[in-house]
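Structure record follows, encoded as structure tokens.
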Amino acid sequence: GVITGGGGGRGGGGGGRTNKAWDGIWEARTTMRPDGWSAEIQIPFRTLNFNPDQSEWGINFQRTIRRRNEEILWRGHLRNQGLFSPVFAGRLTGLGGLSQGLGLEAVPSSVANWRNTPGNVPTTADPEAKAHTFPTDVSLDLNYSLTSSLRASLSLNTDFAEVESDQRRVNLTRFAIRFPEQRNFFLEGSGVFSFAPNGGPSPFYSRAIGINDGQQVPINYGTRLTGQAGAFELGFYQIGTGRLDYFDTDDALEVTLPREDFTVGRVKRQFFEQSTIGAIYTRRSTAADPMGFAPVAQHTAGIDLDMRTRHFLGDKNATISGFVAANSNPLGSDDPGREDLSFGDLSSWGARISYPNDVWDGHLSYRVFGDDFDPAVGFVTRNNFRRVNSRVQWSPRVPGVSWLRALNFQAQLSRQTTIDTGILEDRSWQFKVLGLNFESGDGLDFNANHAFEYLDDAFEVSDGVTVMPGEYGNWEYRVGGRTSGRRRVSVNGSYSKSGFWDGDRRQSEARVTFRPNPGVSLSTNFEYNSVDLPTGSFTASLYEVSGDWNPNPWVSITNQVQYDDQSELVGLFARLRWIVKPGNDIYLVYSHNWQYVSLLANPNERQLVTLSRGASFKVNYTYRF
């Protein structure tokens, strides 16, 4: 079992879609009045990118009332609409005399750190090793509005001391897991960089920059350009990372990561009411390593199309999308025996038809990934395949039953073959036999899935447990349930039993959240896997306890403890954030990592041994002109 973990902005997701990644400088107040609940939100014009000559904006509001399991929208309240489709927004008229000032924003920050690694003791090989270090640093972010809707940013000595740890996940597959981005510099205006999100090519994955095998690589500088230029939505990064030297404890050797330069360019053009066509380009250039070897620069380019309508068959939504992307030869033209790689080898392409509506929902897609499609600033789990995927979902209402809101039935079928041999390597049948969505907000699902996989090479699924090549077909039966988030104690969990390669697997998972008072939230997350195979048996489990306390809108405290029984690592992350004033923050962060090890004197006894710990004190201040 492998359990892995990784080391807001203006604008949204263009092309007629929005997301929740926005987090600019703004203020809000809520209160309970004799005549009901009231909220007031103040967003400075300097926080937004807009055309000051426009007298009309699209605008929408939504209020979620947890205790009644109710969502109220000002516009777009029909079942086929919603808050995340701006085409259904209302209109704010009568605007005039708006100003963004000079459009210049400076955000200096400073951070003081304490790091303790007990294993770092002076040796003959490294006489300058220190268990305690006290690094300090300063950074500067500059933002300037080139036009009223196009903003340029410069970040020097970029620091992410306040970013919380990734959630660990159980991974019993042969493929890497994609973790979400959490660093503000890459979240700001990130929607424009989304490329064919339902196609899976990911020619740009921001975590390919500044993170390498769990190590945080220093970012010396970063430039960013996002916003609108006429009918075009633009996005651009130019980022340089510094050299990193560290000791790899797994292989017991010193590792040097050379400095690198990254270029990412993205442009999208909207046409019709909510359709877009776009292009993307990325480049990764790596400096010479200590032995003098410098790999060739790697390039990737792609085009994607997204055509949407809300008038299909009268008032239904429909989407047709497609993409094509390709990268340069990873080793250049001097790669022996592979200098003549074809466009098909180095590319991926696909198309998708979707019918995203309330009662009936479904899609049909086809994609092809060449054997050498591997974007250097992207994320790809596997190559050399053709894949057909289809899904249909029916969610009828049940007006005759007062306590039941809707039923849900779903079938998803996929088939994947290799390009070069045509061998069927993956076939999946997924059925939601019955889904129950109650008026209370609770839910219950029953699923039955069948998976066929062809394994052409052996792989180690856990230490000493190997799955041999061959054909494997297995059924999985799963029951899942959830309670409404409005409850003081809410639960989301499932239990499944399935075949697993040539053995069996039982999985239990649950997340329990307790909200005793407003502003206080405690949650536990648990996952347990028990696997029995002819070559051995093992368990893969993880445990997480987290808590959030917001005593007022200006102060927040976050704590997280994680443990998994594969690495036997315990990790603690704690952060206090004080918003002195919107845009001016103080952070106090503490992290601690232990390993649960056996004692040499008595292997039957175990104890927690500190691997590393540290604290950071960070202050940033925003100046606007």
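Brief remarks on what is shown
- Whole-number percent relative contact order across the stretch 228-383, with pairs defined as alpha carbons under 8 Å at least 6 apart: 15 percent
- Remark: the stretch 289-294, residue by residue, has Karplus-estimated 3J(HN,Hα) of 7, x, 8, x, 8, 10 Hz, where x stands for each Gly or Pro and the curve is 6.51 cos²θ - 1.76 cosθ + 1.60 at θ = phi - 60°.
- Solvent-accessible surface of protein heavy atoms, probed at 1.4 angstrom with all chains present, puts 308, 91 in the order 91, 308, largest first.
- Selection of chymotrypsin sites (Phe, Trp or Tyr not before Pro), the stretch 139-202, meeting DSSP coil and at most 16 other Cβ within 10 Å: 175
- Here the stretch 390-440 is described by how far its Cα atoms reach on the three principal axes: 55, 13, 13 Å, from widest to narrowest.
- Cα-based Lys pair tally, the chain, threshold under 26 Å, eight or more apart or on separate chains: 9
- Cα convex hull, the stretch 56-146: 294 Å³ per residue, rounded to a whole number.
- Reciprocal mean inverse distance between Cα atoms of the stretch 158-197 - Kirkwood radius, Å: 12.8 Å
- Principal axes of the chain: Cα extent on each, largest first, Å: 75, 60, 57
- Cα Rg, Dmax (largest Cα-Cα span) when computed across the stretch 439-594, Å: 20.7, 61
- Its residues counted as N, the stretch 113-184 yields a C-alpha radius of gyration over 2.2 N^0.38 Å of 1.76.
- When nucleic acids and ligands are ignored and a 1.4 Å probe is applied, residue 205 ends up with an accessible area of around 30 Å².
- Each residue was assigned an accessible area with a 1.4 Å probe, and for residue 146 the value is about 100 Å².
- Ranking 442, 532, 53 from most to least accessible surface, computed with a 1.4 Å probe over the protein chains only, gives 53, 532, 442.
- Convex hull volume of the stretch 358-410 per residue (C-alpha atoms, cubic angstrom): 113 Å³
- Long-range tail of P(r) for the stretch 483-525 (Cα pairs > 13 Å, %): 62 percent
- The stretch 131-247 - Rg (one decimal) and Dmax (whole number), Cα, Å: 16.6, 56
- Integer Hz, Karplus 6.51/-1.76/1.60 couplings in order for the stretch 490-498, x for Gly and Pro: 10, 9, 9, x, 7, 9, 9, 9, 7
- Distance histogram in 10 Å bins (all Cα pairs of the stretch 291-330, percent per bin): 23, 25, 20, 16, 10, 5, 1
- Pairwise Cα inverse-distance average, inverted: Kirkwood Rh of the stretch 532-625 (Å): 16.4 Å
- Distant-in-sequence amide H partners of residue 100 (H built 1.01 Å from N, under 5 Å): none
- Positive minus negative residues near residue 576 (Lys, Arg vs Asp, Glu; Cβ under 14 Å): -1
- Kirkwood Rh and Cα Rg combined as Rg over Rh, evaluated for the stretch 245-402: 1.14
The values are calculated or read from the model by the stated rules, or taken from the named source; none is laboratory data. This structure is a prediction, so every number in the text was calculated from the model and none was measured. All Cβ positions, even for glycine, are placed from backbone atoms using ideal geometry, and neighbour counts span all protein chains on display. Protein only, heavy atoms only, side chains kept; ligands, DNA and RNA dropped before computing areas. Shrake-Rupley method; radii C 1.70, N 1.55, O 1.52, S 1.80 Å.
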